[in-house]
Amino acid sequence: MRFDEVKDRRGTYCTQWDYVKDRFGKDDLLPFTISDMDLESPEEIVDALIKRINHRIFGYSRWNHDDFKNSIEGWYNRRFDFQIDKEWIVYSPSVIYAVSKFIEMKSKKGDGVLINTPGYDGFFKVIGDNERKLLTSPLKKVENGYEIDFDDFESKCKEAKIFLLCSPHNPTGKVWTEKELKKMIEICKKYNIFIISDEIHMDIIYRGKHKPILSQAGDYIDNIVLCTSASKTFNIPALCGSYLFITNQSDRDEFLRILKNRDALSSPSILAVIATIAAYDKCGYWVDELVKYTENNIKYVKEYLEKNIPLLKCEIPQGSYFAWIDFSGLGISNEEFQKYLIDIGGVAIMPGLTYGEEGRYFLRLNVGCSIKKVEDGLQRIEKAVNHILSIKK
């Protein structure tokens, strides 16, 4: 593994590094922002891409073949002990595209779409721009993480047509248990709510075990769609490709009609297809090492804060490569803290307010990078905090 290697991503049209000014107002900040990694993808993926590129012909392509479907089936068997039906598999250009299409298919303008908050900011946008009503059920903060408030969840379900689940949950790193998933499904079934489950962070798990929602669906399985991708796990989002499990034949036909006929997107990114096949067929060992590395990075964050910046708190999440840092002890606003982080620390970290009001006193620090970058980032945070404390004296 080369996870300790620091590689300069600037000059590659990289959102996190080259365009940090777009969100944070300044160039030359050390970024811990968008959820991609500063880590090289596995060698097997790179070799497969080079082989295809060296062919030098890049005509239209297909995803609906055994190589692609078998790789996905094998991954779910090995990693999640879950046997899928390969007929469920449908390609999509991205997870959020698939989410958007199913919001269109399963609700009307003005209908309610329920999410848990704090929540992935892309959900707010896709719900709002589809002219649906955003419904939120805030997660309850507990000693070592978060829990769903099922009383509130059920009350919100009475207004909803769709429940948009994030599993594992971004930004908190919550990994849902079988019991929790079954209760969500039971309540959604009671109120005839369609479930869209975004499971793109499914492979980065530290505690517990990821359970694909379809494995817990029982007789409600045709009212659930699972959307995911190899992109987060293997750091290949710029290749643009994802897939869905659509168990219901009529829904599958309708999604493919929209993909092919209306939106003209049926020819996939061939590099994404090839990368997914190589990843799932050959790179399980790499994911095992990645999980160890990113968990150690988050442990380092927690220990560093406890020793050097005790007013900031961080618990080890159950999954995902984000440290969810509570800065409420500083007694300042999200906007003030961001100003000091940028102007004094020279560091760009996603403000928790991006993920809803419940994240107002949090930062989402992306640790999908070398430990050297994590160390540098924490020193910059400490510099900003010390400046804040000196002003308060």
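The values are calculated or read from the model by the stated rules, or taken from the named source; none is laboratory data. What you are looking at is a predicted structure, and each value in this text was computed from that prediction instead of being measured. Glycine gets a Cβ as well: all are built from the backbone with ideal geometry, and neighbour counts include every protein chain shown. Calculation scope for accessible area: heavy atoms of the full protein, side chains included, ligands and nucleic acids excluded. Shrake-Rupley method; radii C 1.70, N 1.55, O 1.52, S 1.80 Å.
Close Cβ contacts (under 7 Å, 6 or more residues apart or on different chains) running from residues in segment 355-369 that are assigned to a loop (DSSP other than H, G, I, E, B) to residues that are among the small types (Gly, Ala, Ser) comprise Gly356/Gly119; Arg360/Gly352; Tyr361/Ser328; Tyr361/Gly352; Val367/Ala323.
Within the group Lys161, Lys179, which residue is touching a strand residue (DSSP E or B) at 6+ places or on another chain (Cβ under 9 Å) and among the charged types (D, E, K, R)? Answer to the selection: Lys161.
For segment 129-143, how many residues meet the condition of being among the basic types (Lys, Arg) and either farther than 30 Å from Cys314 by Cβ or touching a residue at least 24 places away in the same chain (Cβ under 8 Å) (or both)? I'd like the intermediate steps shown before the answer.
So in segment 129-143, the residues among the basic types (Lys, Arg) come out as 132-133, 140-141.
Now restrict to residues that are either farther than 30 Å from Cys314 by Cβ or touching a residue at least 24 places away in the same chain (Cβ under 8 Å) (or both): 132-133.
The total comes to 2.
Do you know which residues across segment 278-293 are of a type in the set (Lys, Arg) and in contact with an Asp or Glu (Cβ under 9 Å, 6 or more places away or on another chain)? Show your work before the answer.
Initially, segment 278-293 is screened for residues of a type in the set (Lys, Arg), giving 282, 292.
Hit for segment 278-293 is Lys282, nothing else.
For segment 64-77, which positions are part of a helix (DSSP H, G or I) and surrounded by fewer than 17 Cβ atoms within 10 Å (Cβ to Cβ)?
Asp66, Asp67, Asn70, Gly74, Asn77
Considering only segment 78-150, give the strands (runs of 3 or more DSSP E) lying wholly within it that have at least 1 residues that are closer than 26 Å to Arg360 by Cα and in the same structural domain as Lys182 (by the TED database). Spell out how you get there, then give the answer.
Values: elements: 89-92, 112-117, 133-138, 140-142, 145-147.
Qualifying strands (runs of 3 or more DSSP E): 112-117, 133-138, 140-142, 145-147.
Identify the residue in segment 32-63 that is in a helix (DSSP H, G or I) and touching a Cys at 6+ places or on another chain (Cβ under 8 Å) and, among all such residues, is farthest from Arg364 (Cα to Cα). If you could, list the steps in order and put the result at the bottom.
So the first thing to find is which residues in segment 32-63 are in a helix (DSSP H, G or I), and the list is 43-53.
Cutting the leftovers down to touching a Cys at 6+ places or on another chain (Cβ under 8 Å) gives us 44-45.
Values: Glu44: 31, Ile45: 29 Å.
Only one residue fits best here, namely Glu44.
If you check Lys339, Lys299, Lys392 for being surrounded by fewer than 20 Cβ atoms within 10 Å (Cβ to Cβ), at pLDDT 95 or above and more than 22 Å from the chain's Cα centre (by Cα), only one passes: Lys339.
Considered as a group, the residues in segment 175-199 that are touching a helix residue (DSSP H, G or I) at 6+ places or on another chain (Cβ under 9 Å) and part of a loop (DSSP other than H, G, I, E, B) include one that is surrounded by the fewest Cβ atoms within 10 Å (Cβ to Cβ), and that residue is Asn192. Within the option set Ile316, Ile332, Ile349, Ile325, being aliphatic (A, V, I, L, M) and open to solvent by 20 Å² or more (accessible area, probe 1.4 Å) holds for one residue only, Ile316. Tallying residues that are loosely packed, with under 15 Cβ neighbours inside 10 Å and either part of a strand (DSSP E or B) or small (Gly, Ala, Ser) (or both) within segment 151-174 yields 1.
Scanning segment 171-185 for residues that are farther than 18 Å from Thr117 by Cβ and among the polar types (S, T, N, Q) turns up just one, Thr177. Contact map, segment 56-77: residues that are assigned by the TED database to the domain that holds Val273 and touching a residue at least 40 places away in the same chain (Cβ under 8 Å) paired with residues that are outside any helix (DSSP H, G or I) and open to solvent by 60 Å² or more (accessible area, probe 1.4 Å), Cβ distance under 8 Å, separation 6+ or inter-chain. Pairs shown: Tyr76/Gln83. Here segment 370-391 is the region considered, the condition is being of a type in the set (Lys, Arg) and in contact (Cβ under 8 Å) with a residue 60 or more places away in the chain, and the residue that is nearest to Ser320 (Cα to Cα) is Lys373. Checked against the criterion of being without any contact (Cβ under 8 Å) to a residue 40 or more places away in the chain and within 14 Å of the chain's Cα centre (by Cα), the candidates Glu199, Glu147, Glu186 yield just one match: Glu199.
Applying a threshold of 7 Å to beta carbon distances and a minimum spacing of six or more residues, or different chains, the list of pairs starting in segment 29-46 at a residue that is touching a residue at least 40 places away in the same chain (Cβ under 8 Å) and ending at one that is open to solvent by less than 10 Å² (accessible area, probe 1.4 Å) and of a type in the set (S, T, N, Q) reads Pro31/Gln16; Phe32/Asn366; Thr33/Gln16; Thr33/Asn366; Ile34/Gln16; Ser35/Asn366; Asp36/Gln16; Asp38/Ser370.
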